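Undergrad: Structure provided below as structure tokens; questions to follow.
The values are calculated or read from the model by the stated rules, or taken from the named source; none is laboratory data. Just so we're clear, the structure is a prediction, and the values are computed from it rather than from any experiment. Backbone-built Cβ (ideal geometry, glycine too); neighbour counts: all protein chains shown. Heads up: the accessible areas ignore ligands, DNA and RNA and are worked out on the full protein's heavy atoms, side chains in. Shrake-Rupley method; radii C 1.70, N 1.55, O 1.52, S 1.80 Å.
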Amino acid sequence: MQDPITLHNRPVKGNIFTIDTGSTSSKFAYYKDGILAYEGNVDHPKEEIAKVPYFADQLPMRHDAALKFLLDNKVPCEEVDVIMARGGLFTPVITGIYDVNADMREVLMSGRDGKHACNLSAVMAEDLAEEVNEARAAKGVEGPFGPCRAYVADPPMADEMLPECRLGGIPEFRRETLFHALNSRAIVRRYLAEIGHETNDITAIVCHMGGGVTISLHHKGRVIDTSHGLGGDGPITPERAGCCPPLQLVDMCFSGKYTADEIRHKLVGGGGAVAYFGTNDMRVIQERALAGIPEYKVFMDAFILNIAKYIAAETADVCGKVDVLIFTGGVAHSKYVTDEITRRVGHLFPDIRIYPGEDELRSLAENGYIVLSGKAKVHTYDKDHLIED
């Protein structure tokens, strides 16, 4: 059973519905006064997805799955106070909480900044919030926190990098962001609660290790540098190639052997451990490495060294003054991996914490309770201009 969500160790009030749409699944959770009441994961079979391969056309199917979740768990529509959605692929943006508006819907549904099923979460949330308010009006009831609203929190393309971190080697190459913003920010909040800080006044490096690996530098509430989870600016991962030698990549692109989509798959989805061994399961890789099978041992050493190098590099942004290194994500369950990375870079940090796994639905709910507390700074998204703090 999950611990109740609190704010600064104080109880919270209100009912929050959270939505996280992935490539082949839709995840939902319902929280009542900070306690997880219901959670569900709807798998969308490949045959079902194949009928509507373009992500935007899946909206009715995903919407119906959300309504079924509420119905199956006997949640009256009018009870929902806030709907929190996974942030999709949209720019320009910084970290924080955003209400879902017309600009956001347009960018997400058009796929302007990236085409992925995660774009549907926010659109579904706004549509459902409207249905909640219609249900309340029909029954003549009002919500205790006013109209139901839809929000996203800490979208993955949030960019707060220092100008010198954004600059690429030629003007056409600008370093961009795409990282585990939602989970990494939630983990920093958890650490702050553990050490008794109500103000986010620390500097932390968060190493999120899953199918993708991102390392992000959090400085007094802003993420001032990060690797890129999909764009080839980061370490080798279970299924991604990470940073590649550019001239070899140019030769591959113009070899005539591969289409553009095939090369993209080699970099993302078919890279890393998948390219070498046909699996992205790091438990299998680790087991065989520790059994002394040479090729697995070399890959495991390279995986760990890659991550350690990126962690060490980001300490340079703040002249080495980092308060804590935090490990999170599914691979952080491996004591071997965290111990070996710590052996290489642990001397750089006064504190090291491990919070294995991730729970994006809970992280969304935490942000929802910040909204209901009245203490949230809610941003309004503008598709053409970066929102500044």
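Undergrad: Only one residue in Asp103, Asp20 is touching a residue at least 40 places away in the same chain (Cβ under 8 Å) and surrounded by 18 or more Cβ atoms within 10 Å (Cβ to Cβ), so which one is that?
TA: The conditions single out Asp20.
Undergrad: Does at least one position in region 227-243 carry a residue that is farther than 21 Å from Gly114 by Cβ, small (Gly, Ala, Ser) and surrounded by fewer than 18 Cβ atoms within 10 Å (Cβ to Cβ)?
TA: Checked against the condition, which is being farther than 21 Å from Gly114 by Cβ, small (Gly, Ala, Ser) and surrounded by fewer than 18 Cβ atoms within 10 Å (Cβ to Cβ), region 227-243 yields no hits at all.
Undergrad: Quick one: is Ile304 over 23 Å from the mean Cα position of the chain (by Cα) and without any contact (Cβ under 8 Å) to a residue 60 or more places away in the chain?
TA: Against the criterion (over 23 Å from the mean Cα position of the chain (by Cα) and without any contact (Cβ under 8 Å) to a residue 60 or more places away in the chain), Ile304 does not qualify.
Undergrad: Do you know which of the residues in region 341-365 that are touching a strand residue (DSSP E or B) at 6+ places or on another chain (Cβ under 8 Å) and of a type in the set (Asp, Glu) is nearest to Ala181 (Cα to Cα)?
TA: That would be Glu360.
Undergrad: From the list Leu361, Leu325, exactly one residue is in contact (Cβ under 8 Å) with a residue 40 or more places away in the chain and within 21 Å of Gln286 (Cβ to Cβ). Which is it?
TA: Leu325
Undergrad: Identify, please: which residue in region 115-135 is in contact with a Pro (Cβ under 9 Å, 6 or more places away or on another chain) and open to solvent by 10 Å² or more (accessible area, probe 1.4 Å) and is, among those, nearest to Gly368 (Cα to Cα)?
TA: Asn133
Undergrad: List pairs: first residue in region 329-358 and touching a residue at least 24 places away in the same chain (Cβ under 8 Å) and within 13 Å of Ala308 (Cα to Cα), second residue of a type outside the set (A, V, I, L, M) and open to solvent by 20 Å² or more (accessible area, probe 1.4 Å) anywhere in the structure, Cβ distance under 7 angstrom, at least six positions apart or on different chains.
TA: Qualifying pairs under 7 Å: Leu348/Gly320.
Undergrad: Moving on. What residue, among those in region 327-344 that are in contact with a Ser or Thr (Cβ under 8 Å, 6 or more places away or on another chain) and not aromatic (Phe, Trp, Tyr), is nearest to Gly272 (Cα to Cα)?
TA: Of everything passing the filter in region 327-344, Ala332 is nearest to Gly272 (Cα to Cα).
Undergrad: Return yes or no: is Leu361 at pLDDT 95 or above and within 21 Å of Ile83 (Cβ to Cβ)?
TA: So Leu361 passes the test.
Undergrad: Within region 38-67, which residues are exposed (fewer than 13 other Cβ atoms within 10 Å of the Cβ) and more than 22 Å from Ser110 (Cα to Cα)?
TA: Listed by number, the residues that qualify are Asp43, Pro45, Lys46, Glu47.
Undergrad: Continuing with the same structure: For region 175-214, name all the residues that are aromatic (Phe, Trp, Tyr) and either without any contact (Cβ under 8 Å) to a residue 24 or more places away in the chain or surrounded by fewer than 24 Cβ atoms within 10 Å (Cβ to Cβ) (or both).
TA: Scanning region 175-214 gives a single hit, Tyr191.
Undergrad: For a quick check of your reading of the model, give me the residue pairs whose first member lies in region 45-63 and is modelled with pLDDT under 95, whose second is among the small types (Gly, Ala, Ser), with beta-carbon atoms closer than 6 Å and at least 6 apart or on different chains.
TA: Correct list of pairs: Phe55/Ala117.
Undergrad: Modelled with pLDDT of 95 or more, touching a Gly at 6+ places or on another chain (Cβ under 8 Å), within 24 Å of Asp225 (Cβ to Cβ) and open to solvent by less than 50 Å² (accessible area, probe 1.4 Å): does that describe Leu348?
TA: When the stated conditions are applied, Leu348 does not pass them.
Undergrad: I'd like to check something: does region 128-136 contain any residue that is over 28 Å from Pro53 (Cβ atoms), without any contact (Cβ under 8 Å) to a residue 12 or more places away in the chain and assigned to a loop (DSSP other than H, G, I, E, B)?
TA: no
Undergrad: I'd like to know if region 171-181 contains one or more residues that are modelled with pLDDT of 95 or more, within 24 Å of Glu388 (Cα to Cα) and touching a Pro at 6+ places or on another chain (Cβ under 6 Å).
TA: yes
Undergrad: May I pose another question? How about region 1-17: which of its residues are among the hydrophobic types (A, V, I, L, M, F, W, C) and open to solvent by less than 50 Å² (accessible area, probe 1.4 Å)?
TA: Listed by number, the residues that qualify are Ile5, Leu7, Val12, Ile16, Phe17.
Undergrad: Follow-up. Can you tell me which residues in region 140-190 are within 21 Å of the chain's Cα centre (by Cα) and in a strand (DSSP E or B)?
TA: If the condition is that a residue be within 21 Å of the chain's Cα centre (by Cα) and in a strand (DSSP E or B), then Ala150, Tyr151, Val152, Ala153, Leu178 are the ones that fit.
Undergrad: Pull up region 159-174, narrow it to residues that are open to solvent by 60 Å² or more (accessible area, probe 1.4 Å) and charged (D, E, K, R), then point me to the one that is nearest to Val93 (Cα to Cα).
TA: Going through the qualifying residues, I end up with Arg174.
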